[in-house]
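The values are calculated or read from the model by the stated rules, or taken from the named source; none is laboratory data. If you're wondering where the values come from, they're calculated on a predicted model, not measured in any experiment. With ideal geometry, Cβ positions are generated from the backbone for all residues, glycine too; neighbour counts draw on all protein chains shown.
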């Protein structure tokens, strides 16, 4: 069978736009003489629609789009992800008045549709509805009635959707017992570092357990803080990899299943994948929200330099402006470094000294501010000017905060946290340095080597206020990614004083994190949609 694997970048809610993309890929697959073309999970409404699923218009537009796909399937088979409605069944959480107000009250299924020659061959609804990390599918969908096998020419297809593959003895196992000859899983599986290897290991195991070849089709693109990396693949019944589509690339990839031979897995360096994820996250966030330009507060430090460089990769140098806002505290070296970064990246640099603005704000207060109040005043003046310039240029501000700073609240609300997206907010400071190294001489060596400083008071260094980052970051990793209790951290070799200071800052900063812009997710545990902690609580371990 000649198979077309369609890695598409859908836009949530843009059903007609997504339909046009699907129809163009179907026509491309037809010209390539494909027997079957397979699209990702919810390829028509986009993934993840969240509460848009309670808007009747979205469901109706998706239904109409499915009819168009059916008409386009003459002479070819098409598997596409969409929304299915079935008669109401008990057990669905649709009686809450708040959800009914939003348009709920219907039984919706996350489904894969198989069309051929203008007709619907069959539908397979998702059985395993994830409710962890970024997922909350039980809020919107009901599970399908059960797994089945659908006939397609000489094959018997076992269709499943994303999480169904991760469940032991799930839909895939039932379909194998029903005589399936080929398993096809359509997915909307988000990226985090190491996720690709996990998927390949899982698929190999499932293929071996079922004794069947398996086709895995994943979507591409950024949606808010989540990035989907594609990386679709085919494994044989022994679990050997036969084909792997490029990561982070849209396209139709045509394979002849009978002619495939084992290939080595991709050897993409982990930092390279993280970099591509952030670049795609910036590009799609900016463009899908109707913007074309961004502003980066360019301080001469490594964080802002890295964000500016990644933004240039995403959007081009002409779409990025660096804004330098020196105060009386800003060193000569920082001003020079900001200019040099802008020169190397080929971006516009706007310099606006802020001493007079800060002095005016100080004078407007009943008493002259001092200490942290005065330091934060400078940061908030910068945030105000960034936003004013963004309004003037119809641009978005990219926040330069990293995960270490966000974790311990080492930032200023409405100051350096002001903006639309935090591209490196899921990278610890030590990871920022490592990623900056991959950009070569686009970031000056002096910028990568200088001691980090917020430069909000004379001679300030981050390590005057925080444990050194090589000490801080491992503590934060164990606390956040490892889920280690605070009381157990010293037993893992972390210095007690550093642990105590980290925990104090970490637990008191939740109110700041809740007000951050979206953070591009590249780890298993990012600050954002998948993290649900109360702001007001007394837990401290």
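Quick one: residue 339 ticks every box in (1) touching a residue at least 40 places away in the same chain (Cβ under 8 Å); (2) over 26 Å from residue 193 (Cα atoms) except a single one, so which number is it?
Condition not satisfied by residue 339: (1).
Quick one: is residue 412 farther than 25 Å from residue 475 by Cβ and without any contact (Cβ under 8 Å) to a residue 40 or more places away in the chain?
Taking the combined requirement at face value, the residue does not satisfy it.
One line per residue, one yes/no per condition, for (1) at pLDDT 95 or above; (2) closer than 30 Å to residue 18 by Cβ; (3) assigned to a helix (DSSP H, G or I):
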| residue | (1), (2), (3) |
| --- | --- |
| 264 | yes, no, no |
| 267 | no, no, no |
| 272 | yes, yes, yes |
| 303 | yes, no, yes |
| 306 | yes, no, yes |
| 312 | yes, yes, yes |
| 318 | yes, yes, yes |
| 339 | yes, no, yes |
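For the condition within 18 Å of residue 302 (Cα to Cα), without any contact (Cβ under 8 Å) to a residue 24 or more places away in the chain, in the same structural domain as residue 340 (by TED's automatic domain parsing) and out of contact with any strand residue (DSSP E or B) (no Cβ under 6 Å at 6 or more places or on another chain), what is the one hit in 392, 437, 405?
None of the others qualify; the one that does is 437.
Going through 496, 455, 445 one at a time, which residue ends up being assigned by TED's automatic domain parsing to the domain that holds residue 412 and over 26 Å from residue 415 (Cβ atoms)?
Going through 496, 455, 445 in turn, the sole match is 445.
Within region 92-118, work out how many residues are touching a helix residue (DSSP H, G or I) at 6+ places or on another chain (Cβ under 7 Å) and either under 19 Å from residue 172 (Cα atoms) or modelled with pLDDT of 75 or more (or both).
5
Go through (1) surrounded by fewer than 22 Cβ atoms within 10 Å (Cβ to Cβ); (2) assigned to a helix (DSSP H, G or I) and name the single condition residue 353 misses.
Of the numbered conditions (1) surrounded by fewer than 22 Cβ atoms within 10 Å (Cβ to Cβ); (2) assigned to a helix (DSSP H, G or I), the odd one out for residue 353 is (2).
Kindly indicate whether any position in region 475-489 is crowded, with 16+ Cβ neighbours inside 10 Å and part of a loop (DSSP other than H, G, I, E, B).
Residues of region 475-489 crowded, with 16+ Cβ neighbours inside 10 Å: 475-480, 484, 486, 489.
Remaining after also requiring part of a loop (DSSP other than H, G, I, E, B): 484, 489.
Scanning region 475-489 turns up at least one residue that is crowded, with 16+ Cβ neighbours inside 10 Å and part of a loop (DSSP other than H, G, I, E, B).
Restricted to region 24-41, and to residues that are on the phi < 0 side of the Ramachandran plot and assigned to a loop (DSSP other than H, G, I, E, B), which residue is surrounded by the fewest Cβ atoms within 10 Å (Cβ to Cβ)?
Looking at residues that are on the phi < 0 side of the Ramachandran plot and assigned to a loop (DSSP other than H, G, I, E, B), I get 32.
For residues that are part of a strand (DSSP E or B) and surrounded by fewer than 23 Cβ atoms within 10 Å (Cβ to Cβ), tally how many sit in region 116-144.
7
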